[in-house]
Amino acid sequence: MILPVAVRSLLAATAIGLLALPVHAAPEAVDKAFVTFQVENDLFAGFANSDRHYTNGVQAAWLSRPLDGLPQWLADLSSPPIYSLVFPTPSFTRADHRFGIALGHAIFTPDNTAATAYLPNERPYAAWAHVTFSLQSHRASESGEAWQDNWKLDLGVVGPAAQGEWAQNEWHKIIGVDKANGWRNQIRDEVGVNLSFERAWRSPTFATERLFGLETDLIPYTIVSLGNVQTYAGLGGTFRIGPKLPDDFGPTRIYPGVGGSEWFRPAGPGCNCYLFAGLEGRGIARDIFLDGNTFRDSVSIDKEHFVYDAKLGAVAVVGPARVSFTHVFRSREYKGQPKPDQFGSITVTFAY
């Protein structure tokens, strides 16, 4: 098919071109760039059923060193004034800005992947291939407070052009699993454009006591997302506990990609590792993977307007790498869904 090949070629050319741009580090910042590889799959949940609903996501991301000479208008935009009226940003002594790019792919299927017929009471088949551009800002004060603001712009395609059928069934062929038969009933081709803004805090206001001699902290975060792929607002928090907590905002995720940071800085020698738990709620106005196409008729199902995630996991920083595993429990996403979902997320980040 011409369109999928063109999309893949465009994404590859864009990534190569942007990675070749010169990046300069601010002398007071952590002079590192980061590469992140992520896989999410319901198979990682172990005792949960596999190959249903959000069944697989992959992403490769690059985050620059701190940028030097960011235009003033872009520095001002990195912390939106209107947003700051609701969630104020106190005075800070340091601000680092980074640019990022990621290539991602996600697959969604119904419970019954053996059927060839359209299943009106189950989640539709869908795939989403996209490139994400991000502007990530980290601000810190001498009092120990820190804020991370993250703009993300997703550009991609939903539908057959995203090659979900090929990706899933070719993988099933390799591992000797039956193919999914209902991909002819998937959501149709549509260009996807989505803009989101996230803010996370680390603050003495949310200070927590040491437990069993271990460090702890609480990182709340918010997100607003607008676009024809997903429109929602969310609020969540992550609790961390470990011998030494590295300077970061927790591990990242792919779908819907809320919370966490791709950069990290070890707290010093010793075990920079921790366990974490979190809870996040989202009020959802639009989800193309459930609502179907925006501008024409397609398969769809009535969605739930409030969805929450509970997560548990572990993180370890080993030399220049950070490795994490997250187990996610997700509430029902559509009307009549038999039971909540579970999936696992594995992330490896390298600093260089």
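Which of (1) crowded, with 18+ Cβ neighbours inside 10 Å; (2) over 24 Å from LEU211 (Cβ atoms) is the odd one out, the single condition VAL328 does not satisfy?
Of the numbered conditions (1) crowded, with 18+ Cβ neighbours inside 10 Å; (2) over 24 Å from LEU211 (Cβ atoms), the odd one out for VAL328 is (2).
Give the number of residues within the range 145-156 that are buried (at least 21 other Cβ atoms within 10 Å of the Cβ) and either among the hydrophobic types (A, V, I, L, M, F, W, C) or assigned to a helix (DSSP H, G or I) (or both).
Total meeting the criteria: 1.
Of everything in the range 197-215 that's closer than 16 Å to SER137 by Cβ and in contact with a Pro (Cβ under 8 Å, 6 or more places away or on another chain), which residue is modelled with the lowest pLDDT?
TRP201
Has the range 176-183 got any residue that is closer than 21 Å to VAL307 by Cα and of a type in the set (Phe, Trp, Tyr)?
no
Looking only at the range 206-215, how many residues end up being under 13 Å from GLU145 (Cβ atoms) and either in contact (Cβ under 8 Å) with a residue 60 or more places away in the chain or part of a loop (DSSP other than H, G, I, E, B) (or both)?
Residues that pass the stated criteria total 1.
Take the residues in the range 159-185 that are surrounded by fewer than 22 Cβ atoms within 10 Å (Cβ to Cβ) and of a type in the set (S, T, N, Q), then tell me which one is nearest to the chain's Cα centre (by Cα).
Only one residue tops the list, namely GLN163.
Residue by residue through the range 95-119, note down the ones that are within 13 Å of the chain's Cα centre (by Cα) and either surrounded by fewer than 21 Cβ atoms within 10 Å (Cβ to Cβ) or of a type in the set (A, V, I, L, M, F, W, C) (or both).
ILE101, ALA102, LEU103, HIS105, ALA106 - these are the residues of the range 95-119 that are within 13 Å of the chain's Cα centre (by Cα) and either surrounded by fewer than 21 Cβ atoms within 10 Å (Cβ to Cβ) or of a type in the set (A, V, I, L, M, F, W, C) (or both).
Residues are listed down the side, and each one gets a yes or a no for (1) in contact (Cβ under 8 Å) with a residue 60 or more places away in the chain; (2) assigned to a strand (DSSP E or B); (3) more than 24 Å from HIS130 (Cα to Cα):
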site	(1), (2), (3)
THR252	yes, no, no
GLY270	no, no, yes
ALA277	no, yes, yes
ARG286	no, yes, no
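Report yes if some residue within the range 228-241 is over 23 Å from VAL193 (Cβ atoms), in contact with a strand residue (DSSP E or B) (Cβ under 6 Å, 6 or more places away or on another chain) and among the basic types (Lys, Arg); otherwise report no.
Yes; the residues of the range 228-241 include at least one that is over 23 Å from VAL193 (Cβ atoms), in contact with a strand residue (DSSP E or B) (Cβ under 6 Å, 6 or more places away or on another chain) and among the basic types (Lys, Arg).
Residues VAL348, VAL315: which one is modelled with pLDDT of 95 or more, touching a Phe, Trp or Tyr at 6+ places or on another chain (Cβ under 6 Å), surrounded by fewer than 16 Cβ atoms within 10 Å (Cβ to Cβ) and part of a strand (DSSP E or B)?
None of the others qualify; the one that does is VAL348.
For a quick check of your reading: which helices (runs of 4 or more DSSP H) sit entirely within the range 1-96 and have at least 3 residues that are at pLDDT 85 or above, farther than 30 Å from GLN342 by Cβ and of a type in the set (A, V, I, L, M, F, W, C)?
none
Select from the range 254-268 the residues that are in contact (Cβ under 8 Å) with a residue 24 or more places away in the chain and more than 25 Å from ARG332 (Cβ to Cβ) and write down the one among them that is surrounded by the fewest Cβ atoms within 10 Å (Cβ to Cβ).
Only one residue fits best here, namely GLY268.
Considering GLN186, GLN163, which residue is in contact with an Asp or Glu (Cβ under 8 Å, 6 or more places away or on another chain) and under 28 Å from SER300 (Cα atoms)?
GLN186
Any chance you could count how many residues in the range 120-144 are more than 24 Å from the chain's Cα centre (by Cα) and buried (at least 18 other Cβ atoms within 10 Å of the Cβ)?
Result for the range 120-144: 1.
For the range 193-211, name all the residues that are of a type in the set (Gly, Ala, Ser) and more than 13 Å from LYS152 (Cβ to Cβ).
Matches in the range 193-211: ALA200, SER203, ALA207.
The values are calculated or read from the model by the stated rules, or taken from the named source; none is laboratory data. Everything numeric in this text was worked out from a predicted model, so none of it was measured. Neighbour counts are summed over all protein chains in view; Cβ atoms, including those assigned to glycine, are modelled from backbone coordinates with ideal geometry.
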